[in-house]
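Below is one structure, written out as structure tokens; comments come after it.
Where a number appears in this text, it was derived from the coordinates with a stated rule and is not lab data. Computed from a prediction, not measured in an experiment: that's the story for all the values here. Using ideal geometry, Cβ is built from the backbone for each residue, glycine included, and neighbour counts are taken over all protein chains shown.
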Amino acid sequence: QKNGYPHFMLKEIFEQPEAIRSTILPRITMDNLPDLSVDQIPNRIFEKVNRVIITACGTAMHAGLIGRALIEKLLRIPVVVEIASEFRYQEPIMDENTLVITISQSGETADTLASLRLAKEAGAVTLSIVNVKGSTIARESDYVLYTHAGPEIAVASTKAYTAQLSCLYLLSYHFAYLRRTITKEQCAEYIQELKSVIPAVEQTLQLDKKIDAIGKNLICKEDLFFIGRGLDYALCCEGSIKLKEISYIHSEAYAAGELKHGTLSLITEGVPVVALATQSKVYPKMISNIREVKARGAEVILITNERQEINREIYDYHIALPNTSDILAPFTAAIAMQLLSYYTSVHRGSNVDQPRNLAKAVTVE
Ligand code: M6R
């Protein structure tokens, strides 16, 4: 049932506050500490981990990119994110001290399942983040952290993605606290902050009409670029896949610092560039990258936090996200990108819920 929404995708975008709430809250103690014992995940499995590998496909893999940044920042343990279809044919280095995190909405993606089986053969500790209860990946993993996003019908993954992020944040805070790389007080602060994402996401959804109007201006475009740095770059990868799969507009995600190494030659008058600038550490660098594309005639859709003061000359459209700490900006930024893809596709008349050539669960190689 679409509950009055024109498409499942829009309904699922609007279900995100609830998906995040249901995924986070049952796993938090009264003292604001993460508790994964409800998922029968014993603390001892984290004791000897000296390497983490995250494997997944598509949007789930993009969630993994955020997971890598979190774990490396909080634990200083090396993390690699592997595209499952590549990983399964490589000779990955894994042993019993490797934690392999497999992420999948459906729990049935063939390549992701194959990478899980490879990890198990190598004796790694396997933990999956899955939405569909009792799915093959969930059944075959040593441990499962379910996303409580509820059924996702639209081919484009939206609420599953932010629920996957929710699990990755909880897992990273839990892991860091157990390994004492953050104190109990810091952990409680992080969790408190994570809970504040729910109202921030609700506020982001109120930008709906504004983003609809921006989407309308993109309908005749055939190429679009997403640029960002750090966590924003990972979000650009997600923004780009979402736009491509449902609007059929070609797009590319670029680390903003890479523009000069090739892509800038494609930026000409009227080419739209979505510039995501939520990370304060690299904010001045992002602004100079935006000036570079603007100087070449790009039509800039700038996405920042509300608190940023911006020079009117560097953008054509501006989406101001509710303020969050930098580390949590992926939640609000993801939703702005989902709405942009959704409305652009609706105005182009595409089949939003069932894009051509794509299936919800990819059970073949
Ligand atoms: O079910 P999974 O999470 O394993 O699916 C992985 C990808 O096929 C999926 O995320 C795909 O990229 C989405 N349609 C993107 O919106």
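Could you give the length gained on full extension between residue 189 and residue 291, defined as 0.36 nm per residue of separation minus the Cα-Cα distance, in nm?
Working it through step by step, the gained length comes to 33.1 nm.
Report the calculated FRET efficiency for residue 222 and residue 117 (r = Cβ-Cβ distance, R0 = 41 Å), to the nearest 0.05.
0.50
For residue 258 and residue 196, calculate 0.36 nm times their separation in residues minus their Cα-Cα distance, and state this gained length in nm to one decimal.
Here the segment from residue 258 to residue 196 would lengthen by 19.0 nm.
With a point put 7 Å past each Cα toward its Cβ, work out how far residue 266 is from residue 354 in nm, to one decimal.
Roughly 3.1 nm, to one decimal.
What is the distance, in nm, between label points placed 7 Å from the Cα along the Cα-to-Cβ direction at residue 283 and at residue 1?
Spacing of the two 7 Å Cα→Cβ label points: 4.5 nm.
Which is farthest toward the positive dipole end of region 11-146 among 124, 141, 41, measuring Cα position about the Cα centre, with Cβ charges +1 (Lys, Arg) and -1 (Asp, Glu)?
Value computed over the given set: 41.
Out of 39, 208, 232, any idea which swings most in a Gaussian network model of the chain, alpha carbons joined below 10 Å?
Ranking 39, 208, 232 by mean-square fluctuation puts 39 first.
Which of the GluC sites (Glu not before Pro) found in region 293-332 are in a DSSP loop and have at most 15 neighbouring Cβ atoms, other than their own, within 10 Å?
306, 309
What's the extension gain from residue 139 to residue 73 if we count 0.36 nm per residue and subtract their Cα-Cα distance?
The residue 139-residue 73 span can extend by a further 20.7 nm.
FRET efficiency for residue 248 and residue 212, Cβ-Cβ distance as r, R0 = 22 Å, nearest 0.05?
The formula returns an efficiency of 0.75 here.
Nearest 0.05, what FRET efficiency do residue 37 and residue 80 give at R0 = 41 Å with Cβ-Cβ as r?
So, using R0 = 41 Å, E works out to roughly 0.90.
Starting from the Cα gyration tensor of the chain, take the square roots of the eigenvalues, sort them a ≥ b ≥ c, and report rounded, prolate or oblate (rounded when a/c is under 1.5, otherwise prolate if a/b is larger than b/c, else oblate).
prolate
Take the alpha carbon gyration tensor of region 2-143, find the square roots of its eigenvalues, order them as a ≥ b ≥ c, and report rounded if a/c is under 1.5; if not, report prolate when a/b exceeds b/c, else oblate.
oblate
Rank 350, 265, 157 by mean-square fluctuation in a GNM of the chain with C-alpha springs under 10 angstrom and give only the top-ranked residue.
265
Given the peptides 221-229, 168-176, arrange them by the average over their residues of other C-beta atoms within 10 Å, most packed first.
Descending mean neighbour count gives 168-176, 221-229.
Please name whichever of 218, 200, 302 sits farthest to the positive end of the charge dipole of region 182-307, dipole taken about the Cα centre and charges placed at Cβ: Lys and Arg +1, Asp and Glu -1.
Towards the positive end, the residue furthest out is 302.
At what distance in nm do the modelled label points of residue 95 and residue 313 sit from each other, each positioned 7 Å from its Cα along Cα→Cβ?
For the pair residue 95/residue 313, the computed spacing is 5.8 nm.
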